[in-house]
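Presented below is the structure to which this report refers.
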């Protein structure tokens, strides 16, 4: 799996800037990644790449030394849950909306309507 390294021992603003510039070239690189998980469409492969890069950046922000990708996902989701509680946002509603979007994005396409 490709692991991308961003700035270390930097401020949140440095990380945000790095992620912004990095995501600009992710789309092209995901298609070339031989070890990256593949989605049904190129667009979903780009989404999967953005997710992987976000997890790597998150691990750098929290100085996490993760051996298990699942733990990284769990910690990020817990922190997002904390953020939502702090900001007065409904995490469960956002998570449900995300699940709906994922289902729509990964649903098999049907032929043209007759």
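The values are calculated or read from the model by the stated rules, or taken from the named source; none is laboratory data. What you are looking at is a predicted structure, and each value in this text was computed from that prediction instead of being measured. Quick reminder, even Gly has a Cβ in these numbers, built from the backbone with ideal geometry, and neighbours come from all protein chains shown.
Tabulated results
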{"quantity": "Among the candidates 111, 88, 51, residue that is surrounded by fewer than 10 Cβ atoms within 10 Å (Cβ to Cβ) and at pLDDT 90 or above", "calculated": "88"}
{"quantity": "Every pair of residues 6+ apart whose Cβ atoms lie under 6 Å, when the first sits in region 69-90 and is at negative phi while the second is at pLDDT 95 or above", "calculated": "81/91; 84/91"}
{"quantity": "Matching residues in region 67-102 - criterion: being farther than 17 Å from residue 55 by Cα and not in a helix (DSSP H, G or I)", "calculated": "88, 89, 90"}
{"quantity": "Single match in 39, 31 (criterion: at pLDDT below 90, surrounded by 14 or more Cβ atoms within 10 Å (Cβ to Cβ) and within 25 Å of residue 109 (Cα to Cα))", "calculated": "39"}
